[in-house]
Amino acid sequence: MISVDNLGVEFSGATLFSNVSFVINPNDKIALMGKNGAGKSTMMKIVAGKQKGTKGHVRAPKDAVIAYLPQHLLTEDNCTVVEEAAKAFAQVFEMKAEMDDLNKQLETRTDYESQAYMDIIERVTDLGEKYYALEDVNYDAEVEKALKGLGFKQSDFSRQTSEFSGGWRMRIELAKILLQKPDLILLDEPTNHIDIESVIWLEDFLVNKANAVMVISHDRAFIDNITNRTIEVTMGRIYDYKANYTHYLQLREERRAHQVKAYQEQQKVIADNRAFIERFKGTYSKTNQVASRERMLEKMEIIEIDEIDNSSLKLRFPPSPRSGDYPITVKDISKSYDEHTVFKHANMSISRGEKVCFVGRNGEGKSTMIKSILGEIEVEGTCELGHNVKVGYFAQNQASLLDRDLTVFQTVDEVAKGDIRTQLKNILGRFMFSGEDIDKKVSVLSGGERTRLAMVKLLLEPVNLLILDEPTNHLDLKSKDVLKEALLEYDGTLVLVSHDRDFLQGLSQKVFEFKEQRVIEHFETIDAFLERNAIQRIADIQLMK
């Protein structure tokens, strides 16, 4: 059992949260929720021991293992994938190496009566008790199983970690965490850089093999599938629900309704008492009553409503200019990098107004196909955009393409057309830009803030072909809901790459699956595709156990 006792954090005199207490029990699967800036990541770092609170304590058993995966990793690249993943067992290997060294010393030493000899025997005995009490594990097999579950191929195992992107290095770090079998796993946005199959594998591990888990995530399906408890951080305090995310939303709405009712009743009491005070101030016979009511108002603790309900805000794309019948036509294209073939002899035809998804493991060619369609890279075969096609493209690096010298508001104001310009501040607020934030220069925004701003900008441009490559990685759940609603009503053509199952559902009538150098066309919704493939994927997971 790990306990958080009266935890408080202050930054520059401002209180992030105070007097926070809760207990993490074995097998608790906790979703840590709250608005951006509420203090979720800070609280997780404190539980992980990476940061200290201004006051309060985190208490854990002496031998407890707490593993933490931050959003952004600082990794060294000086070994192979297998060697890096095997570092999860470094403590075991070091224990074995020390035992072997001490036993060799005992074989050669002759000072049997010395204190040094006795100390060695005592140390070997202590290490032996710990080492032989460990579960008998085939470490190589465990490393291989974890890496394959997270999407690595056998041929990747001997490659240097420096050859992989940040997302793949994050997977190696995740494999190390899973292999340690910790008492508590802390995960901050673990699904941002892994594909659907790897997310399903991770879900299975966390539900069936992990002990306690605390996760911050904007992937609704992921947190619903793995959690049985939700801790919400809001306005400097927490609310603890014994429920998964979807049930928590219902309970939170009930809580907020009670708060609103209590607030309204309190405001009526305040208004009535102020009216009484104003009416009878200076009236000698009412002096005591007026003073009593004034004291009561001074001592009254004003009820706070936890959050502003902005769910009524709706965002629509501008009407799409009419394009030709087939905005995208791909004929017999192949793409290779040196000896690595991404895909070969691929074909696709996407009709006007059609919504399609690209799915497949990372590295199978989804983003490469998009770049081929847009003419950003050379390929064998032909890729054609249809007549009068106006493309809106959200790339994974879209944030880096914004004008650094413009403010947040100027960035969206220059592309907005018509009546929607009157709603720009509300729209920016929904995507977590409020108050003074809208006057910040793009150059001072974080990577996540730039990504959200790039998405808002795209939502305001009149285009008839939208190509979105992993658009949800830095969006919170409310922002994703706004985007999804807009895409459902969008009258243009949509090509969507995403690993977020909840976001994908209902958004496509056709699926292009990228698998083993092929592009396979499925005439079914993404919902039907995922349901059909989940059965096979679950079978694969069972074989890996």
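In this structure, is residue 177 under 18 Å from residue 196 (Cα atoms) and modelled with pLDDT of 85 or more?
Details: under 18 Å from residue 196 (Cα atoms): no; modelled with pLDDT of 85 or more: yes.
The answer is no for residue 177.
Out of the residues in region 239-257 that are among the aliphatic types (A, V, I, L, M) and surrounded by 15 or more Cβ atoms within 10 Å (Cβ to Cβ), state the one that is nearest to residue 229 (Cα to Cα).
Taking region 239-257 as the starting set, the residues that turn out to be among the aliphatic types (A, V, I, L, M) are 243, 249, 251, 257.
Next, from what is left, pick out any that are surrounded by 15 or more Cβ atoms within 10 Å (Cβ to Cβ): 243, 249, 251.
Working: 243: 5, 249: 12, 251: 12 Å.
Among those that are among the aliphatic types (A, V, I, L, M) and surrounded by 15 or more Cβ atoms within 10 Å (Cβ to Cβ), it is 243.
Filtering region 458-478 down to residues that are of a type in the set (S, T, N, Q) and within 13 Å of the chain's Cα centre (by Cα), which residue is most open to solvent (accessible area, probe 1.4 Å)?
First, pick out the residues of region 458-478 that are of a type in the set (S, T, N, Q): 464, 472-473.
Remaining after also requiring within 13 Å of the chain's Cα centre (by Cα): 472-473.
Values: 472: 7, 473: 22 Å².
That would be 473.
Considered as a group, the residues in region 318-364 that are of a type in the set (Gly, Ala, Ser) and assigned to a strand (DSSP E or B) include one that is modelled with the lowest pLDDT, and that residue is 336. Taken together, 175, 243, 257, 212 contain a single residue that is of a type in the set (Gly, Ala, Ser) and touching an Asp or Glu at 6+ places or on another chain (Cβ under 8 Å), which is 212.
So, residue 156, is that one modelled with pLDDT of 85 or more and either polar (S, T, N, Q) or open to solvent by less than 70 Å² (accessible area, probe 1.4 Å) (or both) or not? Working first, answer last.
On the way: modelled with pLDDT of 85 or more: yes; either polar (S, T, N, Q) or open to solvent by less than 70 Å² (accessible area, probe 1.4 Å) (or both): yes.
It is true that residue 156 is modelled with pLDDT of 85 or more and either polar (S, T, N, Q) or open to solvent by less than 70 Å² (accessible area, probe 1.4 Å) (or both).
The set of residues in region 48-69 being more than 22 Å from residue 181 (Cα to Cα) and surrounded by fewer than 20 Cβ atoms within 10 Å (Cβ to Cβ) consists of 51, 52, 54, 55, 56, 57.
Kindly indicate whether any position in region 119-134 is within 24 Å of residue 68 (Cβ to Cβ), open to solvent by 10 Å² or more (accessible area, probe 1.4 Å) and modelled with pLDDT under 85. Give the derivation first.
Step one: list which residues in region 119-134 are within 24 Å of residue 68 (Cβ to Cβ), which gives 130, 134.
Going one step further and asking which of them are open to solvent by 10 Å² or more (accessible area, probe 1.4 Å), we end up with 130, 134.
Remaining after also requiring modelled with pLDDT under 85: 130, 134.
So far as region 119-134 goes, yes, one or more of its residues are within 24 Å of residue 68 (Cβ to Cβ), open to solvent by 10 Å² or more (accessible area, probe 1.4 Å) and modelled with pLDDT under 85.
Of all residues in region 14-32, those being open to solvent by less than 50 Å² (accessible area, probe 1.4 Å), under 13 Å from residue 237 (Cβ atoms) and small (Gly, Ala, Ser) number 1. None of 233, 260 is β-branched (Val, Ile, Thr), open to solvent by less than 50 Å² (accessible area, probe 1.4 Å) and either part of a helix (DSSP H, G or I) or at positive phi (or both) except 260. Evaluating residue 543 against the criteria (1) at pLDDT below 90; (2) in contact with a strand residue (DSSP E or B) (Cβ under 8 Å, 6 or more places away or on another chain) leaves one unmet condition, (2). Only one of the numbered conditions (1) under 26 Å from the mean Cα position of the chain (by Cα); (2) touching a residue at least 60 places away in the same chain (Cβ under 8 Å) is not met by residue 391, and that is (1). Given the structure, is residue 302 surrounded by fewer than 16 Cβ atoms within 10 Å (Cβ to Cβ) and under 30 Å from residue 273 (Cβ atoms)? It is true that residue 302 is surrounded by fewer than 16 Cβ atoms within 10 Å (Cβ to Cβ) and under 30 Å from residue 273 (Cβ atoms). Residue 388 falls short on exactly one of the conditions (1) open to solvent by 60 Å² or more (accessible area, probe 1.4 Å); (2) at negative phi; (3) assigned to a loop (DSSP other than H, G, I, E, B), and that condition is (2). Per the listing 45, 40, 35, the residue uniquely among the basic types (Lys, Arg) and either more than 16 Å from residue 234 (Cα to Cα) or open to solvent by less than 20 Å² (accessible area, probe 1.4 Å) (or both) is 45. Take the conditions (1) outside any helix (DSSP H, G or I); (2) open to solvent by 50 Å² or more (accessible area, probe 1.4 Å); residue 151 misses just one of them, which is (2).
The values are calculated or read from the model by the stated rules, or taken from the named source; none is laboratory data. What you see is a predicted model, and the numbers here were worked out from it, not measured in a lab. Virtual Cβ from ideal backbone geometry, glycine too; neighbours counted across all protein chains shown. We work out accessible area using only protein heavy atoms, side chains counted, and drop any ligands, DNA or RNA first. Shrake-Rupley method; radii C 1.70, N 1.55, O 1.52, S 1.80 Å.
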